[in-house]
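Written out below as structure tokens is the structure these notes cover.
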Amino acid sequence: MKLLCVIDNFGSGGAQRQLVNIACSLKSRGHCVEFFTYYPHDHFSAKLDEAGIPVHLHQKMSRFSLVPLFALRRLIRRGGFDAVLAFLETPSVYAELACVGMGDVRLVVGERNTVPGGRSSVSRVMKSHLHRLADAVVANSYAQREWLSEHFPFLNTKLRTVWNGIDTISFHPPETPACAGETLRLLGVGRVTDVKNLSRLVSALRLCRQQGLSITLDWGGRIENENYYQRINRAIEVDRLAKSWRWLGERKDVPELMRQYDALILPSSWEGLPNVVCEALASGLPVLASRIADNARLVQCGQSGFLFDPDASSDMASVLTEFAALDTATRIEMGKTARRFAEKELTMEKSTAAYERILQRGLDE
């Protein structure tokens, strides 16, 4: 199979990570894979270079530019591709329009994010109707698939769910699990933006401190919203948490980071299927996360982590308190449960095989 993958850029986002991983896995299975992109971010470029995957960059100079669309259509027409796989909304729009009239090219688009509050904007409706042009629409969470099915039932025959795949070799438990100490060491990973719900996390940490609980938090990820970042810093200062909270910035050593903490925390108000939760499970790291989207399917509450209400700082603080009280043996067993789940459900091999079936054989699963 000759496959063209389409995405906006190679920044450090979850969708970019997943599509690059899928592309490299398909290449290792003997398929010919190329990429089309229109912004020159290069966080994952080295991995594509190492895999020998060519990249076609047609830079988009303005928000509503049609240059990528026409360049993509020319590339598909001349490149002899059997299939096109696009992730994220705008790249999917470009791919769907570019493939019009090319009936011999199989088009698969990925749906990556659950819509917050179930809202359906005019833009969302239009983009969902464009999915009529795709051969398959793959959601990376059951929550997103159910939302699409409810709001756009005409897509039902096209919808599939494929969870994110994780490199379980890179993401693995530490050789020697850490003992439960007096201070609970938390890791957070993700873009610094309002959907990560960091303001309520700050409030939860303040409540824990008032109860005498010692917690440190390191947060890794690029700053996507500078105003939000400054607002969180002000809250950290007001609540006197500056000595407990450390910004790590954008990192490429996430697998190593996962092996240095007691638990991962993800307080997001909404998500698709968060890569970081899957990576933590593969790393044998207990997960403390919002009760949203597919998190309840990923995290076995009380066995591999705990879930909390993202709208209630008090509930978040209660979960932190409950986890902090666990002894070393219980935490180690949680980590083992997390790893077993990842090895069964979240491998890159399982995710790639699912995409391979959809791209090659269509909807006959």
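Data for the structure
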read-out: Residue among Asn227, Asn21, Asn275 with the largest mean-square fluctuation in a Gaussian network model of the chain, springs linking Cα atoms under 10 Å; value: Asn227
read-out: Shape call, segment 304-348: gyration tensor on alpha carbons, a/c limit 1.5; value: oblate
read-out: For segment 320-329, 3J(HN,Hα) per residue [Karplus equation, 6.51 cos²θ - 1.76 cosθ + 1.60, θ = phi - 60°, Hz, x = Gly/Pro]; value: 4, 5, 5, 5, 4, 7, 6, 7, 4, 4
read-out: Centre separation in Å (Cα based) which lies between segment 157-199 and segment 245-263; value: 10
read-out: Most mobile listed residue (Ala338, Ala329, Ala293) in the chain, GNM with C-alpha springs under 10 Å; value: Ala329
read-out: Packing-based exposure ordering (other Cβ within 10 Å, fewest first) of Val84, Val67; value: Val67, Val84
read-out: Electrostatic dipole magnitude of the chain [Cβ: Lys, Arg +1; Asp, Glu -1; Cα centre; debye, to 20]; value: 720
read-out: Using a Förster distance of 51 Å, the FRET efficiency for Cys179-Tyr142 (Cβ separation, nearest 0.05); value: 0.90
read-out: Estimated vicinal HN-Hα couplings, Hz - segment 236-250 in sequence order (Karplus 6.51, -1.76, 1.60; Gly, Pro = x); value: 4, 5, 4, 8, 6, 10, 4, 7, 9, 10, 10, 8, 8, x, 6
read-out: Rounded to 10°, Cα long-axis angle of helix 142-151 versus longest principal axis of the chain; value: 60
read-out: Residue-averaged 222 nm ellipticity for the chain, from DSSP H runs of 4+ at -39500 (n - 2.57), nearest 500; value: -12500 deg cm²/dmol
read-out: Ranked list, fewest to most other Cβ atoms within 10 Å of each Cβ, for Val299, Val125, Val20; value: Val125, Val20, Val299
read-out: Proximal charge balance of Pro255 [Cβ under 9 Å; K/R count +1, D/E count -1]; value: -3
read-out: Order of Ile169, Ile232 - criterion: other Cβ atoms within 10 Å of each residue's Cβ, fewest first; value: Ile169, Ile232
read-out: Top of His131, His172, His58 by mean-square fluctuation, Gaussian network on the chain, Cα under 10 Å; value: His58
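Every read-out reported here was derived from the displayed coordinates using simple, explicitly stated rules and does not represent laboratory data. As the structure is a computational prediction, the values presented were derived from the model and not from experiment. Because the Cβ atoms are built from the backbone with ideal geometry, glycine has one as well, and the counts that use them run over all protein chains shown.
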